[in-house]
1. If a/c stays under 1.5 just call it rounded; otherwise compare a/b with b/c (prolate if a/b is bigger, oblate if not). Do that for segment 93-214, with a ≥ b ≥ c from the square roots of the Cα gyration tensor eigenvalues.
2. If one takes the longest principal axis of the Cα atoms in the chain, at what angle in degrees, from 0 to 90 and to the nearest 10, does the Cα axis of helix 185-196 lie?
3. Which whole number in µm²/s is D for segment 298-347 by Stokes-Einstein, with the Kirkwood Rh taken over Cα pairs at 20 °C and 1.002 mPa s?
4. Could you list the GluC sites (Glu not before Pro) in segment 1-79 that lie in coil according to DSSP, counting only those with at most 10 other Cβ atoms within 10 Å of their Cβ?
5. For segment 101-166, just say rounded, prolate or oblate: build the C-alpha gyration tensor, square-root its eigenvalues into a ≥ b ≥ c, call rounded for a/c under 1.5, and beyond that prolate if a/b exceeds b/c, oblate if not.
6. What's the local net charge at SER165, with K and R +1, D and E -1, over the other residues with C-beta under 14 Å away?
7. Taking neighbour counts of Cβ atoms within 10 Å as a proxy for exposure, in what order, fewest first, do LEU157, LEU303 appear?
8. Using only DSSP helix segments of four residues or longer, with each worth -39500 (n - 2.57), what per-residue ellipticity at 222 nm results for the chain after dividing by its residue count and rounding to 500?
Amino acid sequence: MLTVNAIAATSATDPLVRATVERRDVGPRDVLIEIRYAGICHSDIHTVRGEWGKVPYPLTVGHEIVGVVTEVGAEVTRHAVGDRVGVGCMVNSCRECENCKAGLEQYCTGGNVGTYASVDRDGTVTQGGYSTHVVVDQDFVLRVPEAIRYEAAAPLLCAGITTYSPLAHWNAGPGKKVAVVGMGGLGHMAVKIAAAMGAEVTVLSQTLGKKDDGLAFGAQHYYATSDESTFETLKNSFDLIINTVSAPIDMRAYLGLLRLDGTMVSVGAPPEPLPVPVFALFGQRRSFAGSSIGGIAETQEMLDFCAEHNVAPEVEVISADAVNEAYERVLKSDVRYRFVIDVDTLR
Ligand SMILES: [Zn+2]
Ligand SMILES: [Zn+2]
């Protein structure tokens, strides 16, 4: 066992504090990673505050992890000491179900093992990336291309793949009109990736406050959803809408923006059920769908795509002691566009 420095939540209400976590010995198929940066995802906050169900405290969260390999097990072939690597939202799955065999581990029918607050297949509770080291099975470790800065690579492991996967699945590309709802951590990545794929991108944000950013990230159009006329102007326009907002929205209004056979995909999750008016689907044979992160192979494809197309998230690097303050700012949407913890400040 390895005892390493970390930041942990001790209850749903107390601030995160410095702590230590135990990492298992490096097994034959494991990789030991010295973590350099860890992104702060809104899911981390929901989880530590118990908003997505009971969690075991103390708990270290973080599932946007990048670092360097410092040790490998005897049977490891995919990674070597010194490699730049990343770990996203999963660290294991059953590997036997049809989805795992198809490389869709995120949809493992037995349930994938989350990077934190999950019970791993050896019975231990997983602890996330706000820490100096992590031990992960080689199959769930990604290669981070040289062209992507470490700190910028971190948010790709959750925000990047969460938006890349539905864009790829629903064929965003040249000739396709894609709308991105919300311009936060997920939304800004969706804009950059969809634009790099060659789609015509429109941002639908509450106000025009981030318009300059949206256009700089590759969007062609930018509309305020607080302006009623937006929904009239853009009626029957889009092939694909990526909804990154985790608050309730007027589904009739948004579905009305889809053209024939268009799909609206939610990657943001409001805590309450969302009423979907079925007549809004009939009209233009529209679909409403959800999407969860991406498989390991697809996550690697996304990292390689971002390296090739020079796509990187906008990050604000913070020290470990600034995490509680960063959480407050995430909740107020006061971040452009992702906080990343400099894990050197935890050593
Ligand atoms: Zn996340
Ligand atoms: Zn499986």
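Nothing in this text is a laboratory measurement; each read-out follows from the coordinates by a stated rule. On a predicted model such as this, the values are computed, not experimentally measured, just so you know. Cβ: placed from backbone, ideal geometry, glycine included. Neighbour counts: every protein chain shown.
1. Since a/c reaches 1.5 and a/b is larger than b/c, the shape of segment 93-214 is classed as prolate.
2. Approximately 70 degrees, to the nearest ten.
3. 172 µm²/s
4. For GluC sites (Glu not before Pro) across segment 1-79 that sit outside H, G, I, E and B with at most 10 neighbouring Cβ atoms in 10 Å, the list reads GLU75.
5. Details: a/c = 1.95, a/b = 1.25, b/c = 1.56.
Here segment 101-166 falls in the oblate category.
6. Result for the local shell: -3.
7. On the way: LEU157 28, LEU303 25.
Going from sparsest to densest Cβ surroundings: LEU303, LEU157.
8. Calculated mean residue ellipticity at 222 nm is -6000 deg cm²/dmol.
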